Amino acid sequence: MKWATAIAEEKDLEQAVAAAGEELSTRLGTEQPDLLVAFAAGYGSSARARLGDLLGRTLPARVRLGCSAGGVIGGGREVEGSAALSLMGAVLPDVRLVPLSLRPGAMPRDAAGWRELVGIAAEERPAFVLLGEPFSCDAQALAEGLDGAYPGAVKVGGLASGGRTRGAHTLWLGESMQTDGAVGVACAGAMTVDTIVAQGCRPIGQPMFVTAAEGGVLRALNGRPVLEVLRELYESLEERDRALMQHALFFGVVMDETRQEYQLGDFLVRHVVGMLPEKEGVIVGGELRQYQVVQFHLRDASTSSEELVALLRRYREAPDRPQPVGALLFSCLGRGIGLYGVPDHDSRRFQEAFGDVPLGGFFGNGEIGPVGGRTYLHGYTSAFGLFSPR
């Protein structure tokens, strides 16, 4: 198994394909890639419409897929705010690849329908790389459908970016282009895929039980009104965290309720959407139920960096984890230079942990990855897929 990444910043997409394709071919040597993943930022719709054909003539991989992006990642760099093309190629002996295309309203209704669509038995536990169009793809329903059909199998990916309206994003699968729905690839056979999902937050206060909630409206924690809890929490914080609490407050739900102590990766983090003072409630980005264990979180650059470094280190040092030979990174548009103030932050932290392992990816409108054994659509997250031979 061999992975390689290349990035080109030519403003003409055809020239970028030629430059990145030549670099990728050099890195792969004489072998043609079985899988080619492309992310393109800053190119017009007419140019993007030709990308599938250009890639097919330059690098005729077994499966080719990709999407438009607000920024791209590859070759140890992250390019934001300008035209760039990132290519990730993989030679995958003894790995079965099944390309997937889903249009709005055409998702299967049950697990059997998903398995029929994919064409791989659940016992094979395929891994999925998924790319969706943000306005037309119900990414959470996609994740839940595949979780039901393939429990325990890895699903990782992101939502295309670079546009502001429906139809302004592009997905590619082979030589075909679509501006809605989702594309992806299922991978089964002699390959292991692991994930690291860095949500960029740290807990504040103490874990508490949900004692009153309606849907996504939280009303009470440990039997006390939630706004009273928040006021008390605010008063207990240092000045810096008080400032963060006013604009970067998040909400974490413990995913494994059998645990007595919680650490990185144990919370599914959701944004605090707003307050309802007149109804003594807080709106959070997700459904709540009685007696869930929850904790408020804050997000800033230093917290996000420290969490990512810790998660990468924990993966690298775990005795049962394989050394990856390639990785894909699906990062939020809200991270990158806008969060850290410097370019290439997450890519550099990855290189510090894993050396010269090829890493490709893009900045998107949402990230798909597992927390606590289930797959979710995230925001403000970096979701890594790490690939190694089985």
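The values are calculated or read from the model by the stated rules, or taken from the named source; none is laboratory data. Every value quoted in this text rests on a predicted model; they were computed, and no experiment measured them. Because the Cβ atoms are built from the backbone with ideal geometry, glycine has one as well, and the counts that use them run over all protein chains shown. What goes into the accessible areas is simple: the full protein's heavy atoms, side chains included, and nothing from ligands, DNA or RNA. Shrake-Rupley method; radii C 1.70, N 1.55, O 1.52, S 1.80 Å.
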Worksheet item: For segment 131-184, what are the residues that are surrounded by 24 or more Cβ atoms within 10 Å (Cβ to Cβ) and among the acidic types (Asp, Glu)?
Response: Glu133
Discussion item. I'd like the residue in segment 1-22 that is more than 22 Å from Ala188 (Cα to Cα) and either more than 26 Å from the chain's Cα centre (by Cα) or among the basic types (Lys, Arg) (or both) and, out of all such residues, is surrounded by the most Cβ atoms within 10 Å (Cβ to Cβ).
Written reply: Ala19
Item to complete: Would you check which residues across segment 341-353 are open to solvent by less than 10 Å² (accessible area, probe 1.4 Å) and either out of contact with any Asp or Glu (no Cβ under 9 Å at 6 or more places or on another chain) or under 17 Å from Ala143 (Cβ atoms) (or both) and list them?
Response: Phe350
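Let's see how each residue does on (1) closer than 30 Å to Arg125 by Cα; (2) at pLDDT 90 or above; (3) among the small types (Gly, Ala, Ser):
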{"residue": "His169", "(1), (2), (3)": "no, yes, no"}
{"residue": "Trp172", "(1), (2), (3)": "yes, yes, no"}
{"residue": "Ala190", "(1), (2), (3)": "yes, yes, yes"}
{"residue": "Ala198", "(1), (2), (3)": "yes, yes, yes"}
{"residue": "Val210", "(1), (2), (3)": "no, yes, no"}
{"residue": "Val217", "(1), (2), (3)": "no, yes, no"}
{"residue": "Leu249", "(1), (2), (3)": "no, yes, no"}
{"residue": "Thr258", "(1), (2), (3)": "yes, no, no"}
{"residue": "Phe267", "(1), (2), (3)": "yes, yes, no"}
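With the requirement that a residue be assigned to a strand (DSSP E or B) and either touching a Cys at 6+ places or on another chain (Cβ under 9 Å) or modelled with pLDDT under 95 (or both), what does segment 99-129 give you? Spell out how you get there, then give the answer.
Of segment 99-129, the ones assigned to a strand (DSSP E or B) are 99-102, 127-129.
Correct list: Leu102, Ala127, Phe128, Val129.
Kindly state which helices (runs of 4 or more DSSP H) lie completely within segment 289-390 and contain at least 2 residues that are touching a Ser or Thr at 6+ places or on another chain (Cβ under 8 Å).
336-340, 345-354
Regarding Gly167, is this residue among the small types (Gly, Ala, Ser) and in contact with a His (Cβ under 8 Å, 6 or more places away or on another chain)? Quick ask: steps written out before the conclusion?
On the way: among the small types (Gly, Ala, Ser): yes; in contact with a His (Cβ under 8 Å, 6 or more places away or on another chain): no.
In short, no.
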Discussion item. Among the residues in segment 44-52, are any buried (at least 21 other Cβ atoms within 10 Å of the Cβ), over 18 Å from Gln15 (Cβ atoms) and of a type outside the set (Gly, Ala, Ser)?
Written reply: no
Worksheet item: Taking into account only those residues within segment 271-281 that are open to solvent by 20 Å² or more (accessible area, probe 1.4 Å) and of a type in the set (A, V, I, L, M), which is modelled with the highest pLDDT?
Response: Val273
Response to the item:
So, first residue under 14 Å from Ser176 (Cβ atoms) and touching a residue at least 24 places away in the same chain (Cβ under 8 Å) in segment 46-62, second residue assigned to a helix (DSSP H, G or I) and among the acidic types (Asp, Glu), Cβ within less than 9 Å, six or more apart or across chains; the pairs are Arg50/Glu14; Leu54/Glu14
Worksheet item: Looking only at residues in segment 194-219 that are open to solvent by less than 30 Å² (accessible area, probe 1.4 Å) and in contact with a helix residue (DSSP H, G or I) (Cβ under 6 Å, 6 or more places away or on another chain), which one is nearest to Phe387 (Cα to Cα)?
Response: Ile196
Worksheet item: Which of the strands (runs of 3 or more DSSP E) contained wholly in segment 130-204 include at least 1 residues that are of a type in the set (S, T, N, Q)?
Response: 176-178, 191-198
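So that you can scan it fast, the table gives a plain yes or no per residue for (1) among the basic types (Lys, Arg); (2) touching a Pro at 6+ places or on another chain (Cβ under 9 Å); (3) within 21 Å of Ala383 (Cβ to Cβ); (4) in contact (Cβ under 8 Å) with a residue 60 or more places away in the chain:
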residue	(1), (2), (3), (4)
Val253	no, no, yes, no
Thr258	no, no, no, no
Leu264	no, no, yes, no
His271	no, no, yes, yes
Leu276	no, no, no, no
Discussion item. Give me the residue from segment 225-270 that is of a type in the set (A, V, I, L, M) and part of a helix (DSSP H, G or I) and, out of that set, surrounded by the fewest Cβ atoms within 10 Å (Cβ to Cβ).
Written reply: Ala243
Worksheet entry | Where a residue in segment 11-38 is under 15 Å from Leu92 (Cβ atoms) and its partner, wherever it lies, is among the aliphatic types (A, V, I, L, M) and assigned to a helix (DSSP H, G or I), with Cβ under 7 Å and at least six apart | Leu36/Leu55
